[in-house]
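Below is one structure, written out as structure tokens; comments come after it.
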Amino acid sequence: MAPKRMAYERANLSLTLEQLTGHRVGDPKDAPTGMIRTIYEAYKKPLDQLSDWDIRLLVSQYQGYPYVLDLVWPKLEADPLFDGGLYPGDVLVSLVRAEDDMWAERPDYRARLQALCD
């Protein structure tokens, strides 16, 4: 069966989340916690330069949606237990727990997530 055609344009992975979202985060060295510092740093990196740890953190903290979905999806389809640095499947678990509004701009990914879990 041929994959469904997406009704949106995938994110340009050479851009940063700041560029894609228009949301400017603070200076990472001024962040109040280590986790927030890592999120700020991730927002300033091109998507295609994010580490697996960065990806897991963004997904689990519901940051950078829907663009982070364009980055993570090929990794999940290659390996549903893609490990973002905590345990095998940590990214998948975070996506399963995501609220409905996280999927608003990429509804086909939600359907593909269901198929992946099945």
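Throughout, read-outs are computed from the coordinates displayed, never taken from laboratory work. Keep in mind that this is a model prediction, so the values were computed, not measured. Backbone-built Cβ (ideal geometry, glycine too); neighbour counts: all protein chains shown.
Across the stretch 34-46, the qualifying residues are those that are of a type outside the set (A, V, I, L, M, F, W, C) and free of Cβ contacts under 8 Å to residues at least 24 places away in the same chain, and the one among them that is surrounded by the fewest Cβ atoms within 10 Å (Cβ to Cβ) is G34. Residue-level check: of (1) hydrophobic (A, V, I, L, M, F, W, C); (2) closer than 18 Å to L116 by Cα; (3) surrounded by 12 or more Cβ atoms within 10 Å (Cβ to Cβ), A31 misses just (2). Only one of (1) surrounded by 13 or more Cβ atoms within 10 Å (Cβ to Cβ); (2) touching a Leu at 6+ places or on another chain (Cβ under 9 Å); (3) more than 14 Å from Y109 (Cβ to Cβ) is not met by L71, so which one is it? Condition (3) is where L71 drops out.
Condition check ((1) farther than 21 Å from L15 by Cα; (2) part of a helix (DSSP H, G or I); (3) touching a strand residue (DSSP E or B) at 6+ places or on another chain (Cβ under 6 Å)) across all residues:
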residue	(1), (2), (3)
T38	no, yes, no
R56	no, yes, no
G64	no, no, no
L69	no, yes, no
V72	no, yes, no
P88	yes, no, no
L92	yes, yes, no
R112	yes, yes, no
L116	yes, yes, no
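The C-beta contact set for the stretch 69-90 (first residue over 17 Å from L58 (Cβ atoms), second residue among the acidic types (D, E), distance under 9 angstrom, 6+ apart or interchain) comprises L81/D90; P88/D79. Remark: pairs (first residue in the stretch 47-67, free of Cβ contacts under 8 Å to residues at least 60 places away in the same chain; second residue among the basic types (K, R) and not in a helix (DSSP H, G or I); Cβ separation under 7 Å; 6+ apart in sequence or on different chains) = P66/R106.
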